[in-house]
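Colleague: Pasting in a structure now, in structure tokens, and then I'll have a few things to ask.
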Amino acid sequence: MQRTLSIVKPDGVDKNLIGEVIKRFEKAGLKVVALKMAHLTKKQAEGFYAVHKARPFFDSLTTFMCAGPIVPMVLEGNDAIKKVRDIMGATNPKDAAPGTIRKDLADSIESNIVHGSDAPETAVFEIGYFFNATEILK
Ligand code: CMP
């Protein structure tokens, strides 16, 4: 069993795709064990994406992530990190495989609908960024 953090980003919420994204995760056997809506401040978005601080797209990414509400969730299942990343598809929708969320639904590398943790250590940090222990189902 593994846990990972996923986020329906502001473009996904704006396009009424919260249910579509969750449906794809659930169909793959992943369990939603925590879920909330949030509207990040710029500082909170910068804290979440601190690992990308030196990247040229950091300001644009963090501005985008606080442009509207988001839906962070914790997903649990066998190999959850890889499963979520496979369901999301490549970061850039142009490179994403058919049938993935980003190929089917995303507009651009920035407006790419969904986020998923990329490694176990990242998942621990990202889950803790949005949820405390009492908010996650045992
Ligand atoms: P995400 O999986 O949330 O992780 C970092 C995000 O940075 C990524 O999805 C993209 O939405 C965003 N991003 C914006 N521009 C770029 C870029 N040129 N290369 C990689 N990621 C980018």
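The values are calculated or read from the model by the stated rules, or taken from the named source; none is laboratory data. Remember, predicted model here, so these are calculated numbers, not experimental data. So basically every Cβ, Gly included, is an ideal-geometry build from the backbone, and we count neighbours across all protein chains shown. SASA here: full protein model, heavy atoms, side chains in, ligands and nucleic acids out. Shrake-Rupley method; radii C 1.70, N 1.55, O 1.52, S 1.80 Å.
Colleague: Can you work out the accessible area per residue across the chain, with the rest of the protein chains kept in place, probe 1.4 Å, in square angstrom?
Modeller: Roughly 52 Å² per residue, with all protein chains present.
Colleague: Still on this structure, please answer the following. How large is the translational diffusion coefficient of the range 1-107 in µm² per second when you combine the Kirkwood radius over alpha carbon pairs with Stokes-Einstein at 20 °C and 1.002 mPa s?
Modeller: Stokes-Einstein gives a translational diffusion coefficient of 149 µm²/s.
Colleague: When only alpha-carbon atoms count, how far does the range 1-62 stretch along each of its three principal axes, as whole angstroms with the largest first?
Modeller: Cα extents, longest axis first: 36, 30, 19 Å.
Colleague: Tell me what the chain gives for mean residue ellipticity at 222 nm when only DSSP H runs of n ≥ 4 count, each as -39,500 (n - 2.57), the sum divided by the residue total, rounded to 500 deg cm²/dmol.
Modeller: -10500 deg cm²/dmol
Colleague: Please report the net charge: other residues with Cβ closer than 12 Å to the Cβ of Asp95, K and R +1, D and E -1.
Modeller: +3
Colleague: Further question: Could you check how much of the accessible area of the chain is carbon and sulfur, as a whole percent, using a 1.4 Å probe?
Modeller: Accessible surface attributable to carbon and sulfur in the chain totals 56 percent.
Colleague: Cut-off 10 angstrom, C-alpha nodes, Gaussian network model of the chain. Which of Ile81, Ile18, Ile109 fluctuates the most?
Modeller: Fluctuation is largest for Ile109.
Colleague: When the convex hull of the C-alpha atoms of the range 46-87 is computed, what volume per residue in Å³ does it have?
Modeller: Normalising the Cα hull of the range 46-87 by residue number yields 107 Å³.
Colleague: Hey, what do the phi angles of the range 26-42 turn into as Karplus ³J(HN,Hα) couplings, whole Hz, using 6.51/-1.76/1.60 and θ = phi - 60°, x for Gly and Pro?
Modeller: Those phi angles translate into 5, 4, 7, x, 7, 9, 7, 10, 6, 7, 7, 9, 8, 10, 6, 7, 4 Hz.
Colleague: Sum up the charges of everything whose Cβ sits under 14 Å from the Cβ of Lys9, counting Lys and Arg as +1 and Asp and Glu as -1, but leave Lys9 out.
Modeller: Neighbour charge sum, excluding Lys9 itself: -4.
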